Amino acid sequence: MKITVVCIGSGNMGGALMKSAASFLGGEHIGFCDSDKAKAKQAAKALGAAVYQTNTEAVFEGDFVFLAVKPQVLPGVLAEIAPAVRERIASGKPAVLVSMAAGWSIGKIQAIVGGSGLGVPADHAPVASVPVVRIMPNTPSLISKGMIALAASPEVPAEKTAELEKVLSAAGVVDRIDERYMDAVTALSGSGPAFVYMFIEALADGAVRAGLPRDRAVRYAVQTVTGAAAMVKETGKHPGELKDMVTSPGGTTIAGVAALEEGAFRGTVISAVEAAWRRSIELG
């Protein structure tokens, strides 16, 4: 029997990951639930997927339940679905919760859903063994070029983790990682695309200032970044070594590198990643 994957939330990222799941399982094994019913129906229609009326219904239907909501919304969703999750655990057929909320640890999710955290009645006996997977995808997952970090709690069987990797694989590269690194991953690959887009825009602006038409400036900037990234990936060489290959003595590149250093380019990028990392921790 094929597994069923449901997604609470139907935004861009949830939609991208469900598209990946549908390519592996078929749309009939995918479902959406969203407070915006029209949005859920639209996402479902594109994949031939189901639409659930409530988050609780989605939990009872899914083998994997993706929590594709903002960190600020997650507490309410967890409190709502907690009884259904606990009922499934008691029945011996637990659903695996898959969270992509920045900053939210596996332990915090387990505490709320399992009965020892916020939103749970004081007289409720805590439930152990809530299976939770924490992932951090990024926006290139929309075009199957994503970077998806994955950390699973001990309660998730190895075969379930392997199934989830297959479900996500069409969206990009899936990498298992220790959860302690997840905030750093959020800052790097989660937020990083925005930094790269800014760099591409700035490269193109510089070329326009030098006289190149805008359409060609963007095209050349995009291919330059794409090619440079491929060089790092395919040669296995350190980025600094590849940079040195381009910077001939007294040439154009070293003049540009010097200008970047005068503007504290590397230090600024490091600070951007650090700021995103700190914010991820705050959100948790």
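The values are calculated or read from the model by the stated rules, or taken from the named source; none is laboratory data. None of the values given here were measured: they were computed from a predicted structure. Using ideal geometry, Cβ is built from the backbone for each residue, glycine included, and neighbour counts are taken over all protein chains shown.
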message = What's the number of the only condition in (1) over 29 Å from LYS145 (Cα atoms); (2) exposed (fewer than 13 other Cβ atoms within 10 Å of the Cβ) that GLY256 fails to meet?
response = (2)
task = Residue by residue through segment 28-40, note down the ones that are farther than 20 Å from PHE60 by Cβ and over 21 Å from the mean Cα position of the chain (by Cα).
result = ASP36, ALA38
ask   = What number of residues within segment 111-140 are modelled with pLDDT of 95 or more and either among the acidic types (Asp, Glu) or more than 22 Å from ARG279 (Cα to Cα) (or both)?
value = 2
ask   = For ASP178, all conditions in the list (1) loosely packed, with under 11 Cβ neighbours inside 10 Å; (2) over 16 Å from the mean Cα position of the chain (by Cα) hold save one; what is the number of the exception?
value = (2)
task = Counting only residues that are closer than 16 Å to VAL130 by Cβ, give me the helices (runs of 4 or more DSSP H) lying completely in segment 9-86 with at least 2 of them.
result = 55-61
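This table checks each residue for (1) exposed (fewer than 11 other Cβ atoms within 10 Å of the Cβ); (2) over 24 Å from ALA187 (Cβ atoms); (3) out of contact with any Gly (no Cβ under 6 Å at 6 or more places or on another chain); (4) charged (D, E, K, R).
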| site | (1), (2), (3), (4) |
| --- | --- |
| ALA228 | no, no, yes, no |
| LYS233 | yes, no, yes, yes |
| LYS243 | no, no, yes, yes |
| LEU260 | no, no, yes, no |
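Restricting attention to segment 182-222, and to residues there that are assigned to a loop (DSSP other than H, G, I, E, B) and over 26 Å from the mean Cα position of the chain (by Cα), which single residue is surrounded by the most Cβ atoms within 10 Å (Cβ to Cβ)? Full working, then the answer.
Within segment 182-222, the first condition is being assigned to a loop (DSSP other than H, G, I, E, B), and the residues that meet it are 191, 210-213.
When the remaining residues are screened for being over 26 Å from the mean Cα position of the chain (by Cα), the result is 210-213.
On the way: ALA210: 8, GLY211: 7, LEU212: 16, PRO213: 10.
Looking at residues that are assigned to a loop (DSSP other than H, G, I, E, B) and over 26 Å from the mean Cα position of the chain (by Cα), I get LEU212.
Being within 16 Å of MET13 (Cα to Cα), surrounded by 14 or more Cβ atoms within 10 Å (Cβ to Cβ) and in contact (Cβ under 8 Å) with a residue 60 or more places away in the chain is true for just one of ALA40, ALA68. Which residue is that? It would help to see each step written out before you state the result.
On the way: ALA40 fails: in contact (Cβ under 8 Å) with a residue 60 or more places away in the chain.
One residue alone meets the criteria, ALA68.
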key: Every residue from segment 214-265 that is closer than 15 Å to VAL196 by Cβ and among the polar types (S, T, N, Q)   = GLN223, THR224, THR226
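If I filter segment 196-213 for residues that are aromatic (Phe, Trp, Tyr) and either out of contact with any helix residue (DSSP H, G or I) (no Cβ under 9 Å at 6 or more places or on another chain) or in the same structural domain as ALA162 (by TED's automatic domain parsing) (or both), do I get at least one hit? Spell out how you get there, then give the answer.
Going through segment 196-213, the residues aromatic (Phe, Trp, Tyr) turn out to be 197, 199.
Adding the requirement that they be either out of contact with any helix residue (DSSP H, G or I) (no Cβ under 9 Å at 6 or more places or on another chain) or in the same structural domain as ALA162 (by TED's automatic domain parsing) (or both) leaves 197.
Yes - at least one qualifying residue is present in segment 196-213.
Output the number of residues of segment 152-175 satisfying the condition of being of a type in the set (A, V, I, L, M, F, W, C), over 16 Å from the mean Cα position of the chain (by Cα), surrounded by 14 or more Cβ atoms within 10 Å (Cβ to Cβ) and part of a helix (DSSP H, G or I). Steps first, please.
First, the residues of segment 152-175 that are of a type in the set (A, V, I, L, M, F, W, C): 152, 156, 158, 162, 164, 167-168, 170-171, 173-174.
The next check asks that each one be over 16 Å from the mean Cα position of the chain (by Cα); those that pass are 156, 158, 162.
Next cut, surrounded by 14 or more Cβ atoms within 10 Å (Cβ to Cβ) only: 156.
Retained after the next criterion (residues that are part of a helix (DSSP H, G or I)): none.
The total comes to 0.
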query = Got a sec? Which of VAL69, VAL85, VAL98 is farther than 18 Å from SER141 by Cβ and either in the same structural domain as ARG134 (by TED's automatic domain parsing) or among the aliphatic types (A, V, I, L, M) (or both)?
reply = VAL85
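In this structure, does LEU78 turn out to be assigned by TED's automatic domain parsing to the domain that holds MET147, at pLDDT 95 or above and within 23 Å of THR139 (Cβ to Cβ)?
Details: assigned by TED's automatic domain parsing to the domain that holds MET147: yes; at pLDDT 95 or above: yes; within 23 Å of THR139 (Cβ to Cβ): no.
No, not satisfied.
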